[in-house]
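Below is one structure, written out as structure tokens, with a few remarks after it.
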């Protein structure tokens with residue numbers, strides 16, 4: 001199972017159509033799920049173990065100049081090294097499968113609308129397989145930690161984010177949130193979801209592209225509109 | 001198949017290498033500054049800070065004699081003058097010692113008186129022995145014994161006087 005899963009994992013990068021064809025019958029994605037969760041947890045553990053914590057607190061608080069001194073003090077009091085580390089690691093462990101479950105639910109509903117009879121469980125695994133490109137970000141995060149001399153902010157950890165690759169907007173800029181969240185791997189995941197939907201449902205390219213783009217268009221489009229209208 | 005693999009490897013390599021190139025080619029600002037909009041803010045009327053009191057001059061006081069303190073005449077923070085009495089020692093032990101020393105002195109004076117009387121007596125003895133020896137009533141050795149007793153009495157007197165010093 002594992003050698004098969006490893007070859008499928010590699011195939012997702014260079015031959016996604018063939019990978020999804022082989023995954024249609026046996027889509028178990030426990031290996032990529034474990035790699036994504038454990039890899040990210042290890043990187044964040046390393047990050048919080050080595051980061052210059054007083055600097056990180058100052059950096060985070062400086063992004064909120066409008067905050068009152070009392071609120072700032074309360075926030076700084078909450079931001080202890082252990083609190084931040086364990087809440088992040090716990091959050092990763094719990095939230096990652098939940099996010100995949102929600103994406104699986106969406107693809108299951110979208111496929112049902114398109115007339116597919118594939119069950120929810122397979123779409124849950126599908127959501128994990130299309131997220132495999134996020135693994136490429138982990139060695140880059142490790143590079144940032146290793147070369148950052150302890151003064152790397154959480155938003156600069158992801159070297160594949162649009163903010164890092166393009167404008168380098170500061171943390172308190174309105175667009176920094178969406179640009180930090182939108183990553184090169186997001187587009188890759190979007191492309192893989194399109195390919196996967198085509199292979200698994202057999203519906204038209206337009207329908208599959210629409211189904212693939214819709215959740216991202218709603219989330220990031222809505223976010224962008226909110227920024228545009230509030231500033 | 002091989003061509004697709006090659007494209008995949010190139011894409012993966014590009015995804016990893018592009019941010020690395022951006023990271024090492026971007027010039028960092030040499031001086032980081034923090035900008036803030038001009039606004040009215042409340043200035044805190046008090047500043048909390050911790051510190052230590054230090055003495056400008058510190059003097060270690062010590063008594064010339066050892067004794068129990070019976071009375072402290074100043075409080076912490078009082079201003080004092082040079083020569084002012086700060087505390088009193090219990091005089092009971094010192095008084096007892098003075099009484100003892102006076103008794104020793106009296107005893108020494110009695111010893112001196114006794115030695116003086118002895119010298120006087122030996123002087124009389126010596127003079128009489130000298131006259132008798134000159135008249136050949138006694139041997140010269142008797143006179144020498146009396147003279148020796150006089151010298152011993154003088155030495156005793158001297159020793160008694162020395163013990164008074």
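Just so it is clear, none of the values below were taken in a lab; they were calculated from the coordinates. Please read all numbers here as calculations on a predicted model, not as lab measurements. Virtual Cβ from ideal backbone geometry, glycine too; neighbours counted across all protein chains shown.
Overview of results
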quantity: Debye intensity ratio in log₁₀ form over the Cα atoms of the stretch B:1-132, taken at each q of 0.13, 0.20 Å⁻¹; calculated: -0.97, -1.24
quantity: Quarter of Cα convex hull surface for the stretch A:2-230, i.e. mean projection, nm²; calculated: 13.8
quantity: Nearest 10 degrees, 0 to 90: helix B:2-25 Cα axis against chain B principal axis; calculated: 50
quantity: Cα→Cβ-extended label distance, 7 Å offset, between residue B:162 and residue B:56, nm; calculated: 5.8
quantity: Tilt relative to chain A, helix A:53-62 - C-alpha long axis, 0 to 90 degrees, to 10; calculated: 90
quantity: Sequence of B:142, B:41 once ranked by neighbouring C-beta atoms within 10 Å, starting from the fewest; calculated: B:41, B:142
quantity: Cubic angstrom per residue, convex hull over Cα atoms of the protein assembly as shown; calculated: 395
quantity: Rh (Kirkwood; distinct C-alpha pairs) - the stretch A:138-231, Å; calculated: 15.1
quantity: Within chain B, helix-based [θ] at 222 nm, where runs of 4 or more DSSP H residues each add -39,500 (n - 2.57), nearest 500; calculated: -19500 deg cm²/dmol
quantity: Cβ-based exposure ranking for B:97, B:144, A:15, in which fewest neighbours within 10 Å come first; calculated: B:97, B:144, A:15
quantity: Fewest-first ranking of B:53, A:126, A:194, A:187, using other Cβ atoms within 10 Å as the exposure measure; calculated: B:53, A:187, A:194, A:126
quantity: In degrees, nearest ten, helix A:120-129 long axis to first principal axis of chain A (Cα); calculated: 60
